[in-house]
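*Asks:* Okay, handing you the structure first.
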Amino acid sequence: PRFACTWALPWERTASAAMMAKGPPVVKPPRPRPPQQVAEGGEATEEPPAKQAKVEEGEGSAVVDGQGEGDANAVDVVMEPEADATEDKRKALQSSVDFDPADMTLNVVPANGGRVLMALSDAGLQYLVAAARANVGIRSGRYLYEVRIMEVHNFVEPGRRSQPPMPKQAVRLGFSVPGSSLFLGESDESVCFDSEGFLISDKKRTAAAQKFGRSHVVGLLLNLDPQSPNCNTISMFADGMRICDPQPLPEGCRGKPLCPHVAFRNLTLHLHFGPEPIAPMPFKCRMLQEAAQADVAITPSSAPKDGKYEVVLPVGVPDEGTFDWLDSFLAQNPHFVELSDRKLVEWALKSGLPKPKANQFKHSNDKPELTFGVPSLDELAMRRVIAAIAPIVPRNYVVMEVKSNLIKAEREQLVRRFTLPCYRRVAEVVVGEPPVEYKQRVQIERLKEKQEKLDAEFKQRQQEKERKQQILARQQEMLERRKAIQAQIAAKQKKDAEEKAAAEAAAAKAAAAEEGEQDGSAKMEVDGEGVKKEEGEGEGTQASQGEQQEGKTGDEASKEVKDEEKKEEAPKVEATGAEVKAEEVKEELPKKEELAKQEGEEEQKQEQKEEPKEEEKEEQPLKAELTEEEKGLWFRPHAVSDISSAVLSSVFDQFALPDNDEPFDEIRYAWQDEVMSRQYLKNWVLKKKVTSRVEELQPSEWFYARLSEWQKSLQEWQLKQKEYKSDPARHEAALRKQAKKERKKQKVEQMEAEAANAEAKETSEGNEKKDEGEENKEEGEQNKEEGEEKKEGA
């Protein structure tokens, strides 16, 4: 049988009756056949037996190739690993599979009894993922549910200056543990397939299946049957055909009930839980709606027994445990949904958007000022949509607005949104000294932060130390290599020198031997010729002549002997010089080797000395401890404040606790009673007035009137100055006028100085005359007194 597959519809093919007799097949994408071997002459030869088509029968599977040599359309057909389900007479599930509002994100809108899921897509919500988890979890057995993409939405961001990231369509289908994160694949307690065919769990993506798209009926099969060879696996089907092998479940999903879970964006999904599958499966399998009651676990509904949902407004002092209290409250009450700006930012990050940049001046925990690069997200325009949709969908909410919950007018505005009779509005006052349990939790968190910081520093030091050790090891390795190369070079030089010296010595010896042989043969020839000559001359030669001849011959012989001795000594000297050079080279090489050995020994000794030091310096991770000051802290400090300083300075004097005249059904005081809480907030406001800057200080009308006059005069002066600089004649006239004024001024000053001098002179003369008159007067009085004394004496 032939199975022709295409990329777009790889599952719209059926097998023949012969193949169905052996078991339901699974069609895989076509695999190209190897080319035929061509012999000389152009005739095709048979392929080797290893490359021929064959049928492999193993553990319930068979591989069948198409007929015909080189058939490109031939594909592999594998036996379906899942067997038909047997009849189950146990009690079936009585309730319907549904979606609880507490297990859905705020932008999910269910329709058609929860079988159709749509997502809101206004004011930036098109960038956020919508997720929903069913209320029925599978504990054992093998069950199926189906999903179909009904609608695809395409959105364009209006009024953008730069090109922001387009809101792409995405879908993930899988299972998760009840109570786990709504974002599929974030932890090992959830497992899913995406539309690209990746298996995702614990933020890890693995290629495992083929792609699926619009108008395909996708089936998710979960096998928890302990009697099945595929127990603890998940499989995916498209239009009734298997598109992936059974994939093992992560460890976090084993031994726990698993609920159907979908996460999507810019799509509309249709979910089908039974009783019969939309797309016929290649084997008999029950759907989730037909599951046995003993094989499933139903998640309790979040609806309260009295029908009243709570809307809690926490009222707390900024930077005094507001969000820490909220985190602990949500941990103790997981069925509550937080409504806050920080939750919207977290939602955007988990939806795949890049981490935004924060405006440090305006950024705060209460009102984050972030830059995603998308206008609707930067403005957090989705607040408006969430504020409109939240009261319509009954849930337990925590409305976390630090500033607004402390101001009476804004607090009343928030409370009046939840006017439906299904809500019970509660003000939770978290002001004053916290209880001992909270203080202990703060100390534990603070100690954990310090320990993490110390561990990070220790890890960084260890990495730096390891890096240095690696550098030293590389340097040591390079040094050893250099030493080995130098040793090889020295050995080669030594060998070459020895060979050269030996060659020179041998050559010198050979040359000396050749010269000695030549001299000996020449002497023998001379001696022979002399003997022959003496014999030829006759015996009758005179004795005197014979004596002279013998004396002459003796002198020549002695000279020749001396010459031969000199010639023999010359090569000996040359040989001796060569031997001396060889001996010098031999002596120098050991010296170099000894120096190298000494250097190596010194380095080894130094390394041996350094090793104990390193062992001594081996440090252990430090253990964090709290100081006395930290033990006395009530609240944990944070890098980002709850309210920015500018906003806090302008509104802190309006802070007030809830009163009985506000539209609350209950006012609860979590830490201290009402009297102590109000007194604590009053003291906090008074202290803040002393240390805070008055941001709303405005000038009076008198200041603005004087400022306008000054600005008007300044404009006139500037205009006159401009005219003055633009006209040269006026400029010269003004200069002359200014010079004239200066001369006149100097003249007036000179006249005033002269007048002052004359007046001073006159004043001094008058004073002198006055002094003289007073002296004459005193003399006259003295004379008068003397005359009276004389008269009395007479």
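*Asks:* What residues have an amide H closer than 5 Å to that of MET241, excluding those fewer than 5 places away on the same chain, when H is modeled at 1.01 Å from N in the peptide plane?
*Replies:* Hits under the 5 Å cutoff: none.
*Asks:* How much net charge surrounds SER364 when only other residues with a Cβ under 11 Å from its Cβ are counted (Lys, Arg +1; Asp, Glu -1)? Walk me through the numbers before you get to the answer.
*Replies:* Values: positive: ARG342, LYS362, LYS367, LYS403; negative: ASP319, ASP341, ASP366, GLU369, ASP642.
The answer is -1.
*Asks:* Taking only the alpha carbons of segment 128-261, what extent do you get along each of the three principal axes, in Å, biggest first?
*Replies:* Per principal axis, max minus min of the Cα coordinates gives 60, 31, 26 Å.
*Asks:* How large is log10 I(q)/I(0) at q = 0.12, 0.20 Å⁻¹ when the Debye formula is applied to the Cα atoms of segment 666-794, each weighted equally and without solvent?
*Replies:* Relative scattering, expressed as log10 I(q)/I(0), comes to -0.91, -1.17.
*Asks:* Right, another one. Using label points projected 7 Å from each Cα along Cα→Cβ, tell me how many nm separate LYS305 and GLN721, to one decimal.
*Replies:* Rounded to a tenth, the inter-label distance reads 8.4 nm.
*Asks:* Hey, another quick one. Name the long-range amide H neighbours of GLU310: under 5 Å, sequence gap of 5 or more, or other chain; modelled H, no Pro or chain starts.
*Replies:* Result for GLU310 returns TYR397, ARG424.
*Asks:* A further question follows. Determine the alpha carbon to alpha carbon distance for each of LYS203/LYS453; LYS403/LYS689; LYS367/LYS687; LYS408/LYS689 and list only those over 21 Å.
*Replies:* On the way: LYS203/LYS453 25 Å; LYS403/LYS689 17 Å; LYS367/LYS687 24 Å; LYS408/LYS689 19 Å.
Going by Cα-Cα distance, LYS203/LYS453; LYS367/LYS687 fall outside the 21 Å limit.
*Asks:* Take the Cα gyration tensor of segment 393-512, multiply each eigenvalue by 5, square-root it, and list the three semi-axes largest first, rounded to whole angstrom. Don't skip to the answer; put the middle values down first.
*Replies:* Values: eigenvalues 1647, 64, 21 Å².
Computed over segment 393-512, the values are 91, 18, 10 Å.
*Asks:* Evaluate the distance, in nm, between pseudo-label points positioned 7 Å from the Cα of ILE444 and of GLN782 along their respective Cα→Cβ axes.
*Replies:* Modelled inter-label distance: 11.0 nm.
*Asks:* For an R0 of 25 angstrom, estimate the FRET efficiency from the Cβ-Cβ distance between THR86 and ASN333 and round to the nearest 0.05.
*Replies:* On the way: r = 44 Å, r/R0 = 1.74.
The value I calculate is 0.05.
*Asks:* Using each residue's phi in segment 221-237, evaluate 6.51 cos²θ - 1.76 cosθ + 1.60 at θ = phi - 60° and report the 3J(HN,Hα) Karplus result to the nearest Hz, with x for Gly and Pro.
*Replies:* Working through the residues one at a time gives 10, 10, 10, 10, 7, x, 8, 8, x, 9, 5, 6, 10, 10, 10, 10, 10 Hz.
*Asks:* Okay, next question. Accessible area of segment 168-314 with a 1.4 Å probe: how many percent of it is carbon plus sulfur? Please list the in-between numbers first.
*Replies:* Numbers: 2860 of 5770 Å².
C and S fraction of accessible area: 50 percent.
*Asks:* Could I ask something else about it? Using 0.36 nm times the number of residues separating MET478 and LEU622, minus their current alpha carbon distance, what extension gain do you get? Write out the running numbers ahead of the final one.
*Replies:* Values: separation 144, 0.36 × 144 = 51.84 nm, distance 3.59 nm.
Value of the extension gain: 48.3 nm.
*Asks:* May I ask for the Rg/Rh ratio of segment 209-363, computed from Cα atoms with Rh as the Kirkwood radius, given to two decimals? Present the calculation step by step, with values, prior to reporting the outcome.
*Replies:* Values: Rg = 21.5 Å, Rh = 20.3 Å.
Ratio value, two decimals: 1.06.
*Asks:* Tell me which residues come under 5 Å, amide H to amide H, from GLU369 once H is placed; ignore anything under 5 positions away on its chain.
*Replies:* Placed amide hydrogens put ASN359, HIS363, SER364 under 5 Å from GLU369.
*Asks:* Over segment 317-408, average the accessible area per residue using a 1.4 Å probe and give it in Å², no decimals.
*Replies:* With all protein chains present, segment 317-408 gives 42 Å² per residue.
*Asks:* Would you mind getting me the FRET efficiency between ALA510 and ALA490? Use the beta-carbon distance for r and R0 = 35 Å, nearest 0.05. It would help to have the intermediate numbers written out before the result.
*Replies:* Values: r = 30 Å, r/R0 = 0.86.
Efficiency, from the Cβ-Cβ distance: 0.70.
*Asks:* With label points built 7 Å along Cα→Cβ from the Cα atoms of THR371 and ARG214, find their separation and express it in nm.
*Replies:* 3.6
*Asks:* Mind checking the full-extension length gain between ASN154 and GLU762? Use 0.36 nm per residue of separation minus the Cα-Cα distance, one decimal, nm. Walk me through the numbers before you get to the answer.
*Replies:* Working: separation 608, 0.36 × 608 = 218.88 nm, distance 10.60 nm.
Full extension of this stretch gives 208.3 nm more.
*Asks:* Right, next: Which whole-Hz ³J(HN,Hα) couplings does segment 750-757 yield from phi under the Karplus relation 6.51 cos²θ - 1.76 cosθ + 1.60, θ = phi - 60°, glycine and proline marked x?
*Replies:* Working through the residues one at a time gives 5, 5, 5, 5, 5, 4, 5, 5 Hz.
*Asks:* So, one more: Compute for segment 626-730: radius of gyration divided by Kirkwood radius, i.e. Rg/Rh, restricted to C-alpha atoms, rounded to two decimals. Numbers along the way, then the final one.
*Replies:* Working: Rg = 27.1 Å, Rh = 20.1 Å.
A ratio of 1.35.
*Asks:* Give me the number: length gained by fully extending LYS745 to GLN698, i.e. 0.36 nm times residue separation minus the C-alpha to C-alpha distance, one decimal in nm. Could you put the intermediate results ahead of the total?
*Replies:* Working: separation 47, 0.36 × 47 = 16.92 nm, distance 4.62 nm.
In short, 12.3 nm is gained.
The values are calculated or read from the model by the stated rules, or taken from the named source; none is laboratory data. Here the structure is a predicted model, which means the values were calculated and not measured. Here Cβ is always computed from backbone atoms with ideal geometry, including for glycine, and neighbour counts include all displayed protein chains. Note: areas computed on protein heavy atoms with side chains; ligands, DNA, RNA excluded. Shrake-Rupley method; radii C 1.70, N 1.55, O 1.52, S 1.80 Å.
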